[in-house]
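First comes the structure, then the notes that go with it.
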Amino acid sequence: MSETSYFAHQTTVIDQPCSIGKGTKIWHFTHIMPNCTIGDNCNIGQNVFIAAGVILGNNVKIQNNVSLYTGVICEDDVFLGPSMVFTNISNPRSAVVRKNQYENTRVEKGASIGANVTVVCGNSIGRFAFVGAGAVVTKNIPPYALVVGNPAKQIGWMSEYGQRLLFDDAGIAVCPESKEKYKLENGRVIKL
């Protein structure tokens, strides 16, 4: 991909080889390590660090001061809030090299992660899940779940538009913004 297909601020460091999609914008003081794949129309804020091998889908929005370490995969339409961070080793020690033990973390399509969240490696965040500001994710988060706190605990469900879903006795909820319907069944939410 030619450099003219995306924008990178002059203070950005991009270690090659990297694949960066059309229409992506990369802002001040960001460092992208080699072998990263960044999709089309992403917006990467200032002072972001993207480690080697990270994969970002299309339309991923990364706010300022975010760190994405090796093993992170963000699918399309993911939102990463200011100063949130991913880890990639469960038991780090400065004197012990564990580069061959990096654990993967997947953020599925449409998920939003709030400001100052820490995502402990080896976990997945489901489609359209919503992680509240300051949460610490220590386990898998189901699709459409709303989680908050340290450690993150589920307190509800969210629509694809980021609105809280309130289910009736039949297990049906309507998004107040999009008017789309959802069904809660056996602890899982599906869009109807």
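The values are calculated or read from the model by the stated rules, or taken from the named source; none is laboratory data. Just so it is clear, the structure is predicted and the values come from calculations on it, not from any experiment. Backbone-built Cβ (ideal geometry, glycine too); neighbour counts: all protein chains shown.
Worth a mention:
- Complete set of residues in region 153-192 that are assigned to a strand (DSSP E or B) and hydroxyl-bearing (Ser, Thr, Tyr): TYR182
- Subset of region 168-179 that is closer than 18 Å to ARG127 by Cβ and surrounded by 15 or more Cβ atoms within 10 Å (Cβ to Cβ) - its residue that is nearest to the chain's Cα centre (by Cα): CYS175
Results for (1) over 24 Å from ALA145 (Cα atoms); (2) surrounded by fewer than 16 Cβ atoms within 10 Å (Cβ to Cβ); (3) modelled with pLDDT under 95, shown as yes or no for each residue.
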residue	(1), (2), (3)
ILE50	yes, no, no
GLY53	yes, no, no
LEU56	no, no, no
ILE62	no, no, no
ILE89	yes, no, yes
SER94	yes, yes, yes
GLY110	no, no, no
VAL117	no, no, no
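Table: residues versus (1) surrounded by fewer than 16 Cβ atoms within 10 Å (Cβ to Cβ); (2) small (Gly, Ala, Ser); (3) under 19 Å from MET84 (Cβ atoms); (4) in contact with a strand residue (DSSP E or B) (Cβ under 7 Å, 6 or more places away or on another chain).
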residue: TYR102; (1), (2), (3), (4): no, no, yes, no
residue: CYS121; (1), (2), (3), (4): no, no, yes, yes
residue: ALA152; (1), (2), (3), (4): no, yes, yes, yes
residue: LEU165; (1), (2), (3), (4): no, no, no, yes
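- Out of CYS42, CYS36, CYS18, sole residue that is under 13 Å from GLN63 (Cα atoms), surrounded by 15 or more Cβ atoms within 10 Å (Cβ to Cβ) and not charged (D, E, K, R): CYS42
- Residue check, SER83 over 9 Å from the mean Cα position of the chain (by Cα), outside any strand (DSSP E or B) and modelled with pLDDT of 95 or more: yes
- Scope region 1-48; condition modelled with pLDDT of 95 or more, part of a loop (DSSP other than H, G, I, E, B) and of a type in the set (A, V, I, L, M); matching residues: MET33, VAL48
- Positions within region 96-112 being closer than 13 Å to VAL78 by Cα and not in a strand (DSSP E or B), in sequence order: GLU108, LYS109, GLY110, ALA111
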